[in-house]
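Working notes, beginning with the structure itself.
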Amino acid sequence: MSNSPRRALIVIDVQHEYLGGNLPIEYPDVQQSLGNIARAMDAAHAQDMPIVLVQQLAPADSPLFPRGSYNAALHPTVAERPHDLRLEKSLPSALAATELGQWLRARDVDTLTVVGYMTHNCNDSTIRQAVHEGWQVEYLHDASGSVSYRNRAGAASAEDIHRVFCVVLQSRFAAVMSTDEWLQILKSGARPERDNIYQSNQRARS
């Protein structure tokens, strides 16, 4: 039996809402991340890797992702590229209350490569649930992005949110890498660098 990962590319919520809508991605540059998502999809298709498009939808009166609206529609960069499954979700995780888990298991997928939006919300939720359910996860940090927040708990820039979530994900939940690194791994068959909480903390303390 081969030890090579059996990957699926999970493309999360690449919708107009994040590109000029009411929740514009602020960091990294959204055109850069959109281009990297396209590159990842093209590479996955070339390798016959299953590609899943995920779409967040909310009631028609919602300020974000209202069903039937332009902002809720998938961006043509992903919608017009080849894919194997397209599914809707209403919760942050693409694995929550959807057919995704069953679909992946039926195809013997053991590794999920996650791209799309947002790092700290739907991507993070999907990655954590995937790990809890037994999948290995890869996350392409420059094929994703974040927005800034201010609320009663404080404030954080999009760059800080994206950076900190990526550090935390690398410490336990995913192999975090650039799109270029992932494309090279696909060519070479190398294993992505994974980490753990203990070593991540020891380095910070040294």
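Every number here is computed from the coordinates shown, using simple stated rules; none is lab data. Quick caveat, the model's predicted, so the values are computed rather than measured. Counting neighbours? That spans all protein chains shown, and the Cβs are built from the backbone with ideal geometry, glycine included.
Between N36, N123, N151, find the one with the highest GNM mean-square fluctuation for the chain; connect C-alpha pairs within less than 10 Å. With Cα springs under 10 Å in the chain, the top fluctuation among N36, N123, N151 is at N151. Cα gyration tensor of the chain, axes a ≥ b ≥ c as square roots of the eigenvalues: rounded (a/c below 1.5), prolate (a/b > b/c) or oblate? It comes out oblate by the Cα gyration axes.
GNM remark for the chain: springs join alpha carbons under 10 Å apart, and the peak mean-square fluctuation among G20, G154, G101 falls on G154.
Report the residues of the range 84-102 in range of a label on S62: point 7 Å along Cα→C-beta, backbone N strictly under 20 Å from it. Backbone N within reach: 86-101. For the pair E193 and E99 in one chain, pulling the backbone fully straight at 0.36 nm per residue adds 30.9 nm over the alpha carbon distance.
Where only DSSP H runs of four or more residues are counted, the chain gives -9500 deg cm²/dmol as its mean residue ellipticity at 222 nm, each run worth -39500 (n - 2.57).
Label-to-label distance, N3 versus R172, with points set 7 angstrom from Cα along the beta-carbon direction: 2.7 nm.
Charges were assigned to the Cβ only: +1 to each Lys and Arg, -1 to each Asp and Glu. The resulting dipole of the chain about its Cα centre is roughly 480 debye. 3J(HN,Hα) along the range 26-41, derived from phi through the Karplus expression 6.51 cos²θ - 1.76 cosθ + 1.60 where θ = phi - 60°, amounts to 9, 8, x, 3, 5, 5, 5, 5, 4, x, 5, 4, 4, 4, 5, 5 Hz, with x in place of Gly and Pro. Label point of E80 set 7 angstrom out along Cα-Cβ; within the range 1-32, amide nitrogens under 16 Å from it belong to 15-16.
Using a Gaussian network model of the chain in which every pair of alpha carbons under 10 angstrom is joined by a spring, one finds that among P28, P63, P82 the greatest mean-square fluctuation is at P63.
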